[in-house]
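All remarks here apply to the structure that follows.
The values are calculated or read from the model by the stated rules, or taken from the named source; none is laboratory data. Just so you know, these numbers come straight off a predicted model, no measurement behind them. Here the Cβ positions follow ideal geometry from the backbone for every residue, glycine too, while neighbour counts run over all protein chains shown. We work out accessible area using only protein heavy atoms, side chains counted, and drop any ligands, DNA or RNA first. Shrake-Rupley method; radii C 1.70, N 1.55, O 1.52, S 1.80 Å.
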Amino acid sequence: MNLDGSVRACQKMADSAGVRQRLMILLVGIAALTLSLPCLAQDAETFSVGGNGQAWRDVGNAPGGVIDFVDRLTEVTDIAGESVFVNAPDSLRGWISPLRLRPDVNISLGVLDRGGSIDVNLASDEVDQDVLEGVINGNHKVAFDRKLIPGRTIVNNGVKIEIDLGARFGVNRIIFYPRMTESFPFDNDFLRGYELSLNDGLVLTPSGAPDFGPPVLRDADNRDVRVETVIEPQFVRFIEVKSITFVGFEIDEIEIYGTGFVPNARYLSEILDFDDGVVWGAVSWTEISTGDPTSSSVEVRFRSGRDPTPDVYFRILTVGSRVTGRTRLDASGDTLTQASYEKLLRQGQRVEIDVDADNWGTWQLVGNGEDLVLPAPRQFLQFRIDFTNQSLAAGRAITDFSFQFGRNPPADRIVAEVGPPLVEAGVSTVFTYIAQVFNKTGRGGFDRFEIETPARVTAVRSVEIQDDQSNRLSGAEFGDLSAPMPLTVGDFSVVAVENDHFALGIPRIVADGTRLKIVFETAAFRYGTRFRGRAFSDPSALPLLTEGGDATPELVTNAQLVRVSVGSSVAGPLEIEPGVFTPNGDGVNEEAQIAFTVLHLLDPSPVAIQILDLAGRRVRRLMTGSVVNGRFPLTWDGLSDSGELVPPGVYMVAFEIRSDRGTERRLGSVAVVY
C-alpha cells in the first residue's frame with residue numbers, strides 16, 4: 001500500500017487523528033489546499049485507520065475471517081437484539097472486534113475460506129475430496145455416501161469425519177443429516193450409530209493432531225434422521241463424527257452453530273509503503289470492552305523493513321522420507337511467493353516460512369500511547385492487532401487507530417554502545433556512551449541528542465564529538481547538574497534533565513562516521529537496563545533512535561544494555577538525612593530528607609512510606625501508590641496527618657513494597673527535637 005505525500009493526504013490524516021494527535025502542516029494560503037504539494041519534512045505526520053481515517057478493509061485483512069468490521073458498535077447485538085457494547089460512544093465509527101457469532105449462522109460454511117479443512121480416515125481412492133467438502137458447503141446435491149449397494153464392499157464401523165473449523169469458536173449446536181430433497185430422497189440412510197467428539201485446539205498429541213479424548217455424545221442406536229446435538233457453549237476448533245455402525249449411511253451436511261465472541265482473532269495490515277525511509281513516533285487508539293474486562297485483551301505489534309516482502313518461503317527437499325534440504329524455488333525454478341507457498345500447502349507438500357531477518361525487524365509489542373521502537377529509517381511497515389478472549393461474553397473493540405511518522409530522518413543509521421556492561425544495582429555509576437553516525441546519503445544531521453536513563457542523571461562529565469578515527473573535534477565538560485537548566489559551555493549545552501532521560505544541545509553532526517561520546521553518572525536498578533539514544537534534526541521532528549552495536553573500539557560491549565548484579569530484594573536502601581531535625585520554624589534544619597530505592601521490578605508495584613511512633617502507631621502517611629525501579633526522594637516536615645507538629649522524640653520511617661516476590665519492608669529512625 002503506497003502512501004501519497006500530498007497536502008490532501010496529510011490534511012486527511014490530520015483530520016482523522018482527532019484530538020489525540022496533532023499534525024502540523026504549513027499551508028501557504030487557502031489556495032494551497034488544492035495543490036499536490038508534499039508534507040513538510042520537519043513535521044510529524046499521522047497515519048490513521050478506523051474512526052474518520054481510512055477503512056480497515058482498505059488497509060489490511062483478517063486471517064481466518066474472524067474479525068468483525070462494524071460501522072457503529074450498536075450494530076453488535078445479542079440474541080435479544082440488545083447492544084453488547086453498552087457504553088460505546090455513538091459518535092465514533094469504523095470499529096473492529098472479534099467476530100461475535102449469531103445463532104443462525106452456520107460456521108461450517110466458512111471452514112475452507114478460513115483455512116480449515118475436512119478429512120476422513122479412508123484411503124484416497126475411497127474418497128472424492130470435492131464430495132467430502134460438499135458436507136460443509138450447503139450443497140444438497142452431493143453427500144458423503146457410504147451406502148451399501150451390490151458390488152460395493154465397504155466397512156463403515158470406525159469411519160471418522162474430522163472438521164478443522166480454521167479457528168476456535170464458541171460452539172453450542174451440531175447438526176447432521178442425509179439428503180432429504182425431492183430429487184434425493186435418502187431419509188432412510190441416516191447414520192444409525194455415532195460418536196461425537198470435540199477438541200478446543202489447545203490439547204494436541206505430540207504430532208500436533210487434536211487429542212479428542214472421550215466423546216461428548218455416543219448413540220449406538222440412533223433413531224433420528226436429523227441429529228441435532230445441543231451442548232454447553234464451549235470453545236471448539238476440531239469436531240469428529242465417528243460411525244459406530246456397520247449399516248450403510250450418507251451425510252449431506254454437518255452444520256455447526258455457536259454463540260459469543262471467538263476467543264482469538266487477528267487483524268493484519270498490508271505492507272505499508274512510505275516511499276522513503278522514515279522514523280516512527282507514537283501509536284494510539286480508542287478501545288472499549290464488554291463483559292469482564294479481565295477476560296479480554298488486545299495486543300498491538302509493529303515491524304519495519306527495507307523491502308515489501310517480510311517473509312521468505314521455502315520448499316522442503318526430500319529423498320523418499322528423508323529431508324535433504326530446502327529451497328526458495330518452486331519445481332519450475334521460480335522464487336516462491338505467498339500465493340505459490342499457499343498453493344503447495346494446500347497440495348500437501350512440505351513447505352516452511354521464515355522472516356527475512358536481513359531486511360525486516362522482529363514484531364515489537366507496543367502499548368496505547370507509547371512510542372514505536374522500531375528499526376529506522378525504513379520504507380516499509382506492517383502492524384497487527386491480536387484480540388484474545390477467555391470467555392464467550394468478553395470482548396474488545398478498537399477504532400481511531402493511528403501512529404506518527406516523520407520523513408527525512410537526520411541520518412541513515414546511528415549505532416551506539418555503553419559501558420561498563422555490569423554494575424551494582426542502585427549504585428551511582430559513571431557510564432561512557434558512544435554513538436557513531438552512518439550517513440552516506442548525506443541526510444541533514446542532528447543538533448539535539450537525548451539518552452534514556454533509568455533514573456535522573458546526577459552529572460554529565462563530558463560531551464565530545466570525534467571524527468571517524470576517534471580523534472577529538474570539539475567538546476565540553478560540565479560536571480554536577482545541581483545548577484538550573486540549561487547549562488551551556490561553548491557550543492554545547494545540557495538542555496534538560498528528567499527522571500527518565502537527559503537532553504543535550506550540540507553542534508550539528510552530519511558527516512558519515514562521526515562519533516558522539518558522552519560520559520555521565522546515574523544508577524541502574526534492574527537487570528537489562530537499556531540506554532537508548534534519540535537524535536533530533538529539529539525540535540518539532542520525530543527522533544531517529546539509536547541501535548545497539550559496535551560503535552567504537554574504545555568499548556567492547558556492542559550493546560546499549562547494562563546488566564546489574566542480580567539480587568533477591570526488591571526493596572533497596574532506605575536513606576534518612578539528617579538523623580535529627582528541628583522543625584521549629586527558624587528556617588534551619590526544618591525537614592528530614594527521606595529516599596527509598598526499588599530494584600528488579602518488571603511492573604509497577606504498590607508501595608507505602610509511613611512515619612510511626614515507637615508504639616507502632618501511624619503518625620504520618622508520606623506516600624502510597626505504585627512505583628517501578630528507581631530512587632524516590634521524599635521530605636517530612638515534622639507534621640502529623642492532622643497537620644500538627646509531632647511531640648519531640650524518636651520516630652520510625654517504615655518503607656513497605658508488595659510485588660510478585662512477596663512483601664518487603666525497611667525501617668529507619670529519625671529524631672525530632674525542639
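Odds and ends about this structure:
- The helix-only estimate of mean residue ellipticity at 222 nm for the chain, built from DSSP H runs of length n ≥ 4 each weighted as -39500 (n - 2.57), is -1000 deg cm²/dmol after division by the residue total.
- Residue list for the stretch 443-457, given a label point 7 angstrom along the Cα-to-Cβ vector of GLU370 and an amide N cut-off under 20 Å: 451-455
- Label-point gap, in nm, between VAL127 and ALA220 - each point 7 angstrom along Cα→Cβ: 2.7 nm
- Unit charges at the beta carbon, dipole of the stretch 331-410: most positive-side option, PRO375, GLN347, PRO410: GLN347
- Centroid-to-centroid separation of the stretch 578-602 and the stretch 131-163 [C-alpha atoms, Å]: 82 Å
- Extension gain for ASP660 to VAL203 (0.36 nm times residue separation, less C-alpha to C-alpha distance): 161.6 nm.
- Take the Cβ atoms of GLN349 and LEU602, set R0 to 25 Å, and the FRET efficiency comes out at 0.05.
- One equal scatterer on each Cα of the stretch 271-336, no solvent, Debye formula: the resulting log10 I(q)/I(0) at q = 0.18 Å⁻¹ is -0.86.
- Cα Rg over Rh - the stretch 220-349, Kirkwood: 1.10
- Net length gained if the chain between ARG508 and VAL489 were fully extended (0.36 nm per residue, minus Cα distance): 5.3 nm
- From the largest down, the chain spans 110, 69, 61 angstrom on the principal axes of its Cα atoms.
- Selection of GluC sites (Glu not before Pro), the stretch 271-372, meeting DSSP coil and at most 15 other Cβ within 10 Å: GLU370
- In the context of the full set of protein chains, residues of the stretch 438-492 present 53 Å² of accessible surface per residue (probe radius 1.4 Å, heavy atoms only).
- For the chain, the dipole from Cβ point charges (+1 on Lys and Arg, -1 on Asp and Glu) about the Cα centre works out to 560 debye, to the nearest 20.
- Rounded to the nearest 0.05, the FRET efficiency derived from the C-beta distance between VAL556 and ILE154 at R0 = 60 Å is 0.25.
- Only lysine pairs 8 or more places apart or on separate chains count here, and in the chain those with Cα atoms under 21 Å apart total 4.
- Counting only protein heavy atoms and a probe of 1.4 Å, the accessible surface of the chain is 49% carbon and sulfur.
- Net charge contributed by nearby residues that have their C-beta within less than 15 Å of GLY110 (K/R +1, D/E -1): -2
- In the chain, taking the dipole from charged Cβ atoms about the Cα centre, the farthest positive-side position among ILE611, PHE184, VAL142 is held by ILE611.
- Per residue, in Å², the accessible surface of the stretch 65-202 once ligands and nucleic acids are set aside, probe 1.4 Å: 49 Å²
- Among the chymotrypsin sites (Phe, Trp or Tyr not before Pro) within the stretch 197-296, those in coil by DSSP and having at most 16 neighbouring Cβ atoms inside 10 Å are PHE246.
- Cα→Cβ-extended label distance, 7 Å offset, between ALA80 and THR635, nm: 5.8 nm
- At R0 = 41 Å, FRET efficiency that the Cβ-Cβ distance of SER295 and SER474 yields, to 0.05: 0.10
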